[in-house]
Amino acid sequence: MKFVRSPRIAAGLTAAVSLIALQATPALAFDPTGNDVADAFLTLLDAQEGTVESYSGVDVSGDTVTINDVVVTQDGEDGRVTIAATTLTNGAVQDNGRLKLGGLDLESLELNADDGGLSLASLSVTDLLLPSPAEMEADTPPVGPGYKTLEATSIEIRDEDGKVADITKISSSIDGMDGDLPTGGQFAVTGATVDVTQLEADESKTLTDLGYQTLTVDLAGSAKWDPEAATLVVPELKIDAKDAAKLSLSFSLGGVTRDVITQLNDKSDKPEEAMALLQNVTVDNAKIRLDDASLTGRILDQEAKKAGVETPQYVAGITGSLPMMLGMLQNKELEGQVAQAVTEYLNTPGSLQVVAAPSAPVPVSQIMGTAMLAPQMIPQILAVGITANQ
């Protein structure tokens, strides 16, 4: 199991599990309920930077414990979390102090602070294992996922000026395990709608100039790790911005051993050391694809307007200069592929796809060394190809 600190938005969702902070305090601010599972959960909420101010009652029915109207405040700040109902199913406090739950369900969570807040209609987590207070206090949690499935619905994110985004649903799952290490999983974010006017000024102007007042984005991805073959395959990582463009990425890596995964977990907060662990990992293949849904045309029209010419003339200027710009590749065959694909795409925006298909796996160390000494050779060692509108 692994428990990590999250950014503010993610922390709002993680509030279901560790709410406000991930460090326990030895003294409890709440009155014990008399139920071991409920008290263990409230102890985790009653964190160093948070205090369980109140709850209205606890209902027990068989293996189901429901805590009603939980209120948690953030110490020293104007932070407050309310949860209308917290349902703990098949709960047990283990000998090591960890709380294991068959299911955790929250209804109507509200997080409010000076700089904004977050609300969600529901959050459901299955096969959840929470760290003990001692593990949280020592900041040395065990390694691995803390749940099997997670689903949050009807999420609203706010800053100090009001609502920034709505998300219809967030879901994720761990589909297989090798000891404490996950071997497969997937996630999806559905209907993330951002109010463009609430973004930073430069970002907001860029998007509004392109005609966007809101942007709705779906994200999805999955991965499968085979510890015996030491391979990691990501079939697709997709970002789909409605009425803009869809970007998808897939790749396959070799040399991803148990030792590499374990050490990457240990070095998650030390990026330079983590990068060094990837030296012997190999790139077997990779693909990145862009499918246009009006974004390319909007950008071309905008740039042509700035240049004071019609869009076809502007596109002709770009495509005409491609041979000179592509000379740095020092690869006539690839230069021809890129020029043809980009020209076709800019004249009739559809799709643009780049594929790396080396005849043999290429070590990351070789890619990094080539990038430093002869970056123009990277397309050759990875056997890169590019096509448009296919």
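The values are calculated or read from the model by the stated rules, or taken from the named source; none is laboratory data. These numbers were taken from a predicted model, which means no experiment stands behind them. Quick reminder, even Gly has a Cβ in these numbers, built from the backbone with ideal geometry, and neighbours come from all protein chains shown. In case anyone asks, the SASA skips ligands and DNA or RNA and just uses the protein heavy atoms, side chains included. Shrake-Rupley method; radii C 1.70, N 1.55, O 1.52, S 1.80 Å.
One table, with the values for the structure above:
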read-out	value
Reach of K305 by Cα under 28 Å, taken over lysines that are not fewer than 8 positions away in the same chain	K205, K242, K246
Extended-chain gain in nm, criterion 0.36 nm per residue less alpha-carbon gap, M368 and L264	35.6 nm
Fraction of accessible area attributable to carbon and sulfur, the range 81-228 (%, probe 1.4 Å)	49
Calculated from backbone phi, Karplus (6.51, -1.76, 1.60) coupling profile of the range 348-353 in Hz, x at Gly/Pro	9, x, x, 9, 9, 10
Phi to ³J(HN,Hα) by Karplus 6.51 cos²θ - 1.76 cosθ + 1.60 over the range 157-163, Hz, x for Gly, Pro	10, 10, 10, 5, 9, x, 5
With eigenvalues of the C-alpha gyration tensor scaled by 5 and rooted, the chain, Å	46, 28, 17
Exposure rank, largest accessible area first [Y212, Y147; 1.4 Å]	Y147, Y212
Reachable aspartates and glutamates, given that their alpha-carbon falls under 18 Å from the alpha-carbon of K169 and they are not under 8 places away in the same chain	D105, E107, E110, E151, E156, D195, D218, D240
In order through the range 275-291: 3J(HN,Hα) via Karplus (6.51 cos²θ - 1.76 cosθ + 1.60), integer Hz, x for Gly, Pro	4, 4, 5, 8, 4, 8, 6, 10, 9, 8, 6, 7, 8, 10, 9, 10, 10
Full-extension gain in nm, A229 to Q390, via 0.36 nm per residue minus C-alpha separation	54.7 nm
GNM top mover of S222, S54, S172 - the chain, alpha-carbon springs below 10 Å	S54
Inter-label distance, nm, simple model (7 Å from Cα along the C-beta direction), V71/N347	6.9
Ordering of 224-232, 78-86 by packing [mean C-beta count within 10 Å, highest first]	78-86, 224-232
Sequence ranges 348-354, 310-316, ranked by mean other-Cβ count within 10 angstrom, highest first	348-354, 310-316
Computed over the chain: relative contact order in percent, which uses C-alpha pairs under 8 Å that are six or more apart	8
Calculated SAXS-style log₁₀ I(q)/I(0) at q = 0.20 Å⁻¹ - the range 131-262, Debye, Cα scatterers	-1.12
Linear extension gain, E151 paired with D209, 0.36 nm per residue minus alpha-carbon span	17.4 nm
